[in-house]
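First up is the structure itself, then whatever we jot down about it.
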Amino acid sequence: MKGNSPMPEAPAHILVIDDDKAMRDACFQILSRQGYRVELAASAKQGLSLLERLSFDTILLDLVMPDMDGLEALKKIRALDPDVEVIIITGYGTIQSAVESIKAGAFHFLSKPFVPDDLRNLVSRALGKRRLDLENLYLRQELKIKDERNTLVYESESMIRIMDMITRVAPTDSTVLITGESGTGKGLVARKIHQLSQRSRRPFITVDCGTLVETLFESELFGHVKGSFTGADANKIGKFELAQNGTLFFDEISNIGLEVQAKLLRAVEERKISKVGSHRVITVDVRIIAATNKDLTKAIKDGTFREDLFYRLNVVLIQMPPLRERKSDIPLLVQHFLEKYNTRLRKEMRGISPGALDLLVRHDWPGNVRELENTMERLVVLSPGPYLEPADLIFAGTVLTSAAEAPDGTSLKDLERNHIIQTLQRCDGHKSETARALGIDRKTLREKLKRIGLDGGS
């Protein structure tokens, strides 16, 4: 399979609860032919027992059964799984009860006797609603995620090799481990793999392992049921379920504790999870991508990371180079971020001078691309002129550790002096206007003027 052809999804899982054997068999025949996985229960208690262990997309529930009233069974189903769609099967004379069941949370009702097409259509509509609800939940989650820098900008040989690896691994379902220093773009690479994969139309869910509280990891990954622990006031869908048929990205995975690592390993191996507080097994189909800025082999020796989990994750390894080893990409990145923040901040910066660009290229960038982006945003905000000049870097608070002098041999002190003089002249000698143009207060300006031997102005 090539390109972005849709991923085949796991067949929907349907539970039929009806004390009438002929009705159960008929539903089984009709729905199985549609490709659905169908489970049968002869009583409400039997159905609830199945629901405690397994996950279903839709439930067909008879309204009248000897062991338990349908409305009571519906309430218990809702308590076990509030997201499953329930279709009430009702006979003549119980229509009013069916309407009441809809008010209690059922999707719809089906009157006996029914023709196969009615059953097929209603189940299809119920599955469509469940799919839409999950997609809406995913979109709401996405809105909470910090703005990702979704563009990989490069021309260096090292990044060309990285991109080649991405295009090779993306069409597969292989697990990927991305390593590299903070700020090198590991999250971007993970998203790119997803975008080029057969799962691209399904969710991309990020687990930020660096910010999650240790005690909440399990709940975040697998979800929880209401009342399972203090503070669990409602049922919660975990990241694995949200990422169904898509990609689950573990950012800075080395931050996960050993206990959760063991449960994650089991989920990755078996593709099955259980919510906190529940024994019900949920089958998941997700692609796993993990990233870390730590040396996991050292973490294994230190006893902080499981070796078996490491080998499960390290199927395809992508090592991101630091920005100091891909200097040729800096001019492209500078232009990219200049355009980005011009648009976002409604600025009209026209470009950057060769001298300022050279200073940026010569900097070591210990914070990598993230540091460069933050620097460019600050420069766009604070620089007074249409072009970024070397002196603008000083006044924007940019410390360039690798460059003590400007490329023409002018010291940074002289650059600062010249910039102050030029700005002072542009403002006709007015200190207040000059300070505003430089992005500093009057007191700081007076000190700088005194230091460079200038005193005067209003």
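Bear in mind these aren't lab numbers, they're just calculated from the coordinates by the rules spelled out. All values reported here derive from a predicted model rather than from experimental measurement. All Cβ positions, glycine included, derive from the backbone under ideal geometry; neighbour counts span all protein chains shown.
A few points about this structure:
- One chain, two ends: V381 and Q96. Fully extended at 0.36 nm per residue, the span grows by 96.1 nm beyond their Cα-Cα distance.
- Rough spin-label spacing in nm, given labels placed 7 Å along Cα→Cβ, for E270 and Q34: 3.0
- Amide H contacts under 5 Å for F109: I88, restricted to partners 5 or more places along the chain or on a different chain, H placed in the peptide plane at 1.01 Å from N.
- S158-K76 FRET efficiency (beta carbon distance; Förster radius 45 Å; 0.05 resolution): 0.20
- Relative to the Cα centre, the charge distribution of the chain, modelled as +1 at Lys and Arg Cβ and -1 at Asp and Glu Cβ, gives a dipole magnitude of about 540 debye.
- With neighbour counts taken as other beta-carbon atoms within 10 Å, the residues H430, H363, H419 rank, fewest first, as H430, H419, H363.
- Filter on K192/K340; K45/K236; K263/K301; K76/K239; K272/K340 - keep pairs with C-alpha separation over 30 Å: K272/K340
- Peptide ranges 287-295, 31-39 listed from the most packed, as the mean C-beta count within 10 angstrom indicates: 287-295, 31-39
- Per-residue ³J(HN,Hα) for the range 351-361, Karplus 6.51 cos²θ - 1.76 cosθ + 1.60, θ = phi - 60°, Hz, x for Gly and Pro: x, 10, 6, x, x, 5, 5, 4, 4, 5, 5
- Virtual spin-label span in nm between D208 and T444, 7 Å along Cα→Cβ: 2.9
- Shown in residue order for the range 210-224 are the 3J(HN,Hα) couplings computed by the Karplus curve 6.51 cos²θ - 1.76 cosθ + 1.60 at θ = phi - 60°: x, 10, 6, 6, 3, 5, 9, 4, 4, 5, 5, 6, 10, x, 8 Hz (x for Gly and Pro).
- Surrounding net charge for L71, when Lys and Arg each add one and Asp and Glu each subtract one, Cβ distance under 13 Å: 0
- Full extension of the chain between K21 and R324 yields a length gain of 102.0 nm, computed as 0.36 nm times the residue separation minus the alpha carbon distance.
- Taking a straight line from the alpha carbon of K431, these lysines sit under 17 Å away, with near neighbours fewer than eight places off in the same chain left out: K443, K448, K450.
- Candidate aspartates and glutamates - alpha carbon under 14 Å from K103, same-chain residues fewer than 8 apart omitted: E72, E85
- Among L40, L51, L345, the ranking by other beta carbons within 10 Å of each residue's beta carbon, starting with the fewest, stands as L345, L40, L51.
- Counted charge near A356, where neighbours are those whose Cβ lies closer than 9 Å (Asp, Glu -1; Lys, Arg +1): -3
- Backbone N within the range 185-200 under 19 Å of label point (7 Å from M165 Cα along the Cβ vector): 185-197
- DSSP-defined antiparallel bridges as percent of all bridges, the chain, nearest 5: 15
- Residue-span extension gain [K103 to Q422] - 0.36 nm each, minus C-alpha spacing: 107.4 nm
- Most simply put, the range 157-321 has about 20% antiparallel DSSP beta bridges, counting only bridges with both residues inside it.
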